[in-house]
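See structure below.
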Amino acid sequence: MCGIVGYIGSREAYPIIIKGLKRLEYRGYDSAGIALYDDGTIKLSKTKGKVEDLESKVQNEISTHGTLGIGHTRWATHGIPNDTNSHPHYSNSGDLVIIHNGIIENYESLKNELEKRGYSFKSDTDTEVLINLIEEIKKNSKVKLGKAVQIALNQVVGAYAIAVFDKNKPNEIVVARLGSPLAIGIGEDEYFIASDATPFIEYTNNAIYLEDEEMAVVRRHKKIKIRKIKDDSLVSPYIQELQLNLEQIEKGGFDHFMLKEIYEQPHAIRDTYRGRLLSDQAIIKMAGVEDNMKTFLNANRIIIVACGTSWHAGLVAEYIFENLVRIPVEVEYASEFRYRNPVINNNDVVIAISQSGETADTLAAIKLAKASGAFVFGVCNVVGSSIARETDAGAYTHAGPEIGVASTKAFTTQITVLTLIALRLARAKGTLTSSDYRKHLIELEMIPEKVEHTLSSDSLVKSIADIYKSAQNFLYLGRNYNFPVALEGALKLKEISYIHAEGYPAAEMKHGPIALIDENMPIVVIATKKGHYEKVVSNIEEIKARKGKIIGIVTEGDTSVKNLADHVIEVPETLECLVPLLTTIPLQLLSYHIAVMLDKNVDQPRNLAKSVTVE
Ligand code: G6P
C-alpha cells in the first residue's frame, strides 16, 4: 500500500506534496515523510503518525523551500511504524533519497551482500536496502542515476512503485513501477508523481500511468521518456485525459468521507446504469459483455475472484447469476484462489471485482486465470487501474472516487453492474421471460429512489446505534440474497468501530453462534419479505427465546417481525435480487454512527488501508 507523491517544476513543492499526501492517506497512515531539494541539500523530515503530525514536525525541523520533492504516507510491511522506518530513506552517502510502495522480497540477501561491502542500515525496511543497492551500482558501474535504478530493479524480486532523486542531480526524479501503481501528472513545464491522480487533479488533467516494468526519468523542462526496465526499450507515452474533478474528492459538507459516500449511493447507482440500462427500449447495453457474448453464453461456470467488500459483492452476484442466468458460479477469495492450484479451463469465465483495481491478490488471481486460458472480465471502479488493464474485457462501476477506507458505494455499484450483466445474459440465454426481464429493468431503475428513501431512516438508525454502541459483540444474520449483506454489515462494524461482529446465514445460527446469545447480544436480522421470510421469522423466535436483542431490517409494512424485534428499520419493497441494494444501507449507517459515537477514526480505521497492493 503506501502513498507516494512527487513534484518537479517551478512552484514550491512542499504544499503540493503535503496536500497530495493527505489525499493519499487512504492508502496507509501509520507514518509519513518528505524530502525536498533546495540549494545543494536534501531536507528530510519524517515521523510516525499522520500527515498532520508530519506537518508539525516539519515546522521545527526543516525549511520548506524547494521546487523538487518527494513524500510518502506509509502502511507498514517491513518494520514497525516508527520514525526511522518511515520513508523517505537516504542512501549511506546521503546523496540519494527514495520513497517506495511495495515489498522487496529478496531484500535480506541483498542486504547481506551490501553489508559485506560496508553498507550499514538504520531502519528495518526493505526500501533502505534498495536505495543502497542503487547507490552501490551507481558508484561501481559509474552510471547515471536512471541506469543504476534500472540495473538495481533487475536484481530485485517483489513489487514497487518508487521515486528516487540525487542531490547532485537536482533536475530529475527517477520513477518506476512493478505491481504498485504510479501516475505522472503532466503540467505546464512541471510534473507531478503520485500513486493515483488525486494529488494533482487541481493542477492538470493529463496523466501517464506507468505500466508494470516501466520506468521514467522525469526531468525539469524536458519531455518524459519511458523505458522498459528489463530491456531498456523506449515506450511511447500514452497521455490520458482524466475525468476526475476536485469536488469528487472533497467532503462536501459531510463530517466524513464515509458518510458522504453512503449518501452518494443513489447518484452513484444511477451513474452506474446511465447509458447502459435503457428501460423504455428494454435494452441493456454493455460493450464488454456484448463483444464477448458467445464466451459468456458458452461458459461452463463463472468464477468470481475478489477480496474484502468486493468479495461480498461477488457472493451477491452468485445468487443473482445462478437465479437469473442458471450458470454455476463459484466465489473465491483471490488470496486463496491464487495459491491453491485451482482447476481452471478455457470454458471458464472469471469475473474479478475490485474497487481500486489494484488489489495485489486479485491481480495475481487474474494472471493465473489468464495463464490457464480463462477469459477474465473485470468489474472495477478506478478507471485505468491495473486490474482494468490486465483483464480481457470489463465494466466500470462509475461510482466516483471512494476515499473512506470502509467501502460503501463501491459495494452497491458493483452489485448494480453485476445485476446488469446477469440481466443481459439472462435475456440472451432466454432464462428470463421478456416480461420478467422488463420488470427487472424497471425495478432496477427505481433503486436509486428507494435507496434515497432508505437513507431517511438515518436518525432512527442513529438512535439504535446509541443504544448498542457499548456492545462487545454483534451478530448479523440473513438468508439467501441477504446472507452476503449480513457478512458485509458485520465487516463494516468491525472495520470502523473495532467491535467484534460476525455475519452468518440465519439458519446456521443454531450450529454455533446461538451459544453466544444472551440479553447483552445485539443481533441484526435481515428479514425482508420473500427470501425465505417465514424461516427467518422462526430464527428470530429462536433468538427471542434466548433474550437476544433484535434489530430487524424489514420490508415496509411488515408486522410479524415488528411484533418480535426490539427495533425495526424498514426498507422499500423491491424484487428479491435487488434487495441487497437496500438492506445494505441501514447496516452502513449503523456501523458509521457507532464508530462516530465511540470516537473512532471512521475514514482511516487503524491497521487498514483502502488499496492493498501487497499480498
Ligand atoms: C481493502 C479495503 C476494503 C476492500 C478490499 C478489496 O481491505 O479496506 O474496503 O474491500 O481491500 O479492495 P478492492 O479495491 O480490490 O475492492
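Here is a check on your reading of the model: is Gly69 open to solvent by less than 10 Å² (accessible area, probe 1.4 Å) and either at pLDDT below 95 or farther than 24 Å from Leu96 by Cβ (or both)?
Taking the combined requirement at face value, the residue does not satisfy it.
Scan segment 356-364 and tell me whether some residue there is closer than 28 Å to Ile208 by Cβ, aliphatic (A, V, I, L, M) and away from the ligand (no atom under 14 Å from the Cβ). I'd like the intermediate steps shown before the answer.
Within segment 356-364, the subset closer than 28 Å to Ile208 by Cβ is 356-364.
Filter once more, so that each one left must be aliphatic (A, V, I, L, M): 360, 363-364.
Next, only the ones that are away from the ligand (no atom under 14 Å from the Cβ) stay: none.
No, because not a single residue in segment 356-364 is closer than 28 Å to Ile208 by Cβ, aliphatic (A, V, I, L, M) and away from the ligand (no atom under 14 Å from the Cβ).
Just one of the numbered conditions (1) of a type in the set (A, V, I, L, M); (2) in contact with a Leu (Cβ under 6 Å, 6 or more places away or on another chain); (3) open to solvent by 40 Å² or more (accessible area, probe 1.4 Å) is not true of Ile284; which one?
With (1) of a type in the set (A, V, I, L, M); (2) in contact with a Leu (Cβ under 6 Å, 6 or more places away or on another chain); (3) open to solvent by 40 Å² or more (accessible area, probe 1.4 Å) applied to Ile284, the lone miss is (3).
Please determine, by comparing only the residues of segment 368-411 that are open to solvent by 30 Å² or more (accessible area, probe 1.4 Å) and of a type in the set (Ser, Thr, Tyr), which one is nearest to the ligand (Cβ to nearest atom).
Tyr396
Within segment 579-596, track down each residue that is in contact with a helix residue (DSSP H, G or I) (Cβ under 6 Å, 6 or more places away or on another chain) and more than 16 Å from the ligand (Cβ to nearest atom).
To start, the set of residues in segment 579-596 that are in contact with a helix residue (DSSP H, G or I) (Cβ under 6 Å, 6 or more places away or on another chain) comprises 580-595.
Correct list: Leu581, Leu582, Thr583, Ile585, Pro586, Leu589, Leu590, His593, Ile594.
Report yes if Glu449 is over 26 Å from Gln604 (Cβ atoms) and either within 13 Å of the ligand (Cβ to nearest atom) or out of contact with any helix residue (DSSP H, G or I) (no Cβ under 6 Å at 6 or more places or on another chain) (or both), otherwise no.
For Glu449, the condition - over 26 Å from Gln604 (Cβ atoms) and either within 13 Å of the ligand (Cβ to nearest atom) or out of contact with any helix residue (DSSP H, G or I) (no Cβ under 6 Å at 6 or more places or on another chain) (or both) - is met.
Checking Lys228 against (1) within 18 Å of Thr613 (Cα to Cα); (2) surrounded by fewer than 17 Cβ atoms within 10 Å (Cβ to Cβ); (3) modelled with pLDDT of 95 or more, only one condition comes out false. Which one?
With (1) within 18 Å of Thr613 (Cα to Cα); (2) surrounded by fewer than 17 Cβ atoms within 10 Å (Cβ to Cβ); (3) modelled with pLDDT of 95 or more applied to Lys228, the lone miss is (1).
Looking at segment 160-181, I want the residues that are acidic (Asp, Glu) and have a partner that is surrounded by fewer than 21 Cβ atoms within 10 Å (Cβ to Cβ) and not in a strand (DSSP E or B) with Cβ atoms under 7 Å, at least 6 apart or on another chain. Which pairs are those?
Close Cβ pairs satisfying both conditions: Asp166/Asp95.
Each row is one residue, and each column tells you yes or no for (1) outside any strand (DSSP E or B); (2) open to solvent by less than 60 Å² (accessible area, probe 1.4 Å); (3) charged (D, E, K, R).
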residue: Lys530; (1), (2), (3): yes, no, yes
residue: Glu534; (1), (2), (3): yes, no, yes
residue: Ile543; (1), (2), (3): yes, yes, no
residue: Gly552; (1), (2), (3): no, yes, no
residue: Ile585; (1), (2), (3): yes, yes, no
residue: Ala595; (1), (2), (3): yes, yes, no
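Condition check: crowded, with 24+ Cβ neighbours inside 10 Å, more than 11 Å from the ligand (Cβ to nearest atom), touching a residue at least 40 places away in the same chain (Cβ under 8 Å) and under 24 Å from Leu278 (Cα atoms). Does Ile442 satisfy that?
no
Looking at Lys510, Lys547, Lys492, Lys462, which one is open to solvent by 80 Å² or more (accessible area, probe 1.4 Å) and closer than 25 Å to Leu581 by Cβ?
Only one candidate qualifies: Lys462.
Enumerate the pairs (first residue in segment 355-384 and in the same structural domain as Val305 (by TED's automatic domain parsing) and at positive phi; second residue anywhere and near the ligand (Cβ under 9 Å from one of its atoms) and open to solvent by 10 Å² or more (accessible area, probe 1.4 Å)) with beta-carbon separation below 6 Å, excluding pairs fewer than 6 apart on the same chain, so at least 6 apart or on different chains.
From segment 355-384, the pairs are Gly357/Val382.
Give the residue that is nearest to the ligand (Cβ to nearest atom), with candidates limited to residues of segment 283-341 that are of a type in the set (Lys, Arg) and within 28 Å of Arg479 (Cα to Cα).
Arg301
The values are calculated or read from the model by the stated rules, or taken from the named source; none is laboratory data. Computed from a predicted model, the values in this text were never measured in an experiment. As a convention, Cβ positions derive from the backbone with ideal geometry for all residues, glycine included, and neighbour counts pool all protein chains shown. Quick note on the areas: whole protein, heavy atoms, side chains included, nothing else; ligands and nucleic acids left out. Shrake-Rupley method; radii C 1.70, N 1.55, O 1.52, S 1.80 Å.
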